[in-house]
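Take a look at the structure below.
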Amino acid sequence: MIPLKDNVPTSRFPLVTVLLIAVNIVVFGWQLSFSGSESSAELQGSGITERDQNSIEYGAIPYRITHPGDDCAVTQVSSSPEPEIVCEGTAEYRRAEDGGDPFVGLDEAPWWVTVLTSMFMHGGILHILFNMLFLWIFGNNIEDSMGRLRFLAFYLLAGIAAVYSQALLDTGATIPTIGASGAVAGVLGAYLLLLPRARVLTLIFIVFFATLIEIPAYVMLGIWFVLQFLPAIGQVATPDIAGDAGVAYFAHVGGFVFGLAMIKLFATRRPIDTARVS
């Protein structure tokens with residue numbers, strides 16, 4: 001299911017929503033400016049590209065988030081063909097630092113900075129495309145209900161809640177988390193509680209066919225949440241491999257729950273009653 005638009009008008013131009021989309025696009029362009037080839041002489045043969053290194057240095061690494069002040073490095077562990085990220089305070093880091101394995105330090109941003117920078121970075125075109133599509137469709141009405149500054153604070157706090165939700169799932173994980181999905185999930189949770197009867201024009205694929213249909217927001221967002229929640233439960237059930245999962249589902253769940261919990265605190269007005277909107 002791909003949402004295209006809703007039927008709830010806004011009372012003024014969604015400036016913050018547009019600016020957030022613009023910042024995400026600019027940051028993604030900056031990411032693409034880094035080479036897809038191996039980044040330095042020290043990392044030759046490691047499989048780590050300039051783009052990978054950029055994600056490591058500015059992404060939210062759960063270990064760094066839950067162990068403030070501990071930095072990480074890239075090492076080629078002799079027992080593994082793949083490079084690994086190891087962090088201070090672990091046996092793997094000490095062994096690599098002592099010369100047991102090839103060891104390359106990183107120019108990482110402070111851990112608290114990565115909590116913010118990570119939510120403006122993306123892993124690919126489809127990743128940013130869907131995040132910005134959902135932000136545009138659902139963010140404008142949430143901004144309208146809060147006002148611009150309150151919405152900006154809400155969005156950033158939802159992203160922070162999402163980062164910590166994923167980090168606390170496995171505090172020893174060293175795979176960086178990037179993407180606006182957690183912050184956008186906060187917007188979706190807020191929308192579900194504030195405008196459950198809104199109708200969303202949705203593109204639905206059925207085998208080889210596609211059709212457009214208007215469905216209630218509570219149906220569309222409810223299905224979206226279930227599709228995030230079930231894999232998140234799988235990550236909880238297997239914490240040893242959660243950090244290696246390609247999608248940070250628990251960040252999505254954490255952001256969504258934040259939106260549900262905080263919308264009444266942040267919203268100062270209710271958008272137009274969708275029951276009266278044709």
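Values quoted throughout were computed directly from the atomic coordinates according to the rules given, and no laboratory measurement underlies them. These figures come from a predicted structure and were not determined experimentally. Glycine gets a Cβ as well: all are built from the backbone with ideal geometry, and neighbour counts include every protein chain shown.
As a footprinting exposure proxy, order 118, 55 by other Cβ within 10 Å, with the fewest listed first. Please list the in-between numbers first.
On the way: 118 27, 55 22.
By the 10 Å Cβ count, ascending: 55, 118.
Name the residue from 159, 122, 178 whose Cα lies farthest towards the positive end of the charge dipole of segment 89-185, charges +1 on Cβ of Lys and Arg and -1 on Cβ of Asp and Glu.
Working it through, the farthest residue towards the positive pole turns out to be 159.
Taking the alpha-carbon set of segment 195-237, what are its Rg and Dmax in Å?
13.2, 37
Based on the alpha-carbon gyration tensor of segment 121-224, what equivalent-ellipsoid semi-axes (square roots of 5 times the eigenvalues) come out, in whole Å, largest first?
In descending order the semi-axes read 25, 20, 12 Å.
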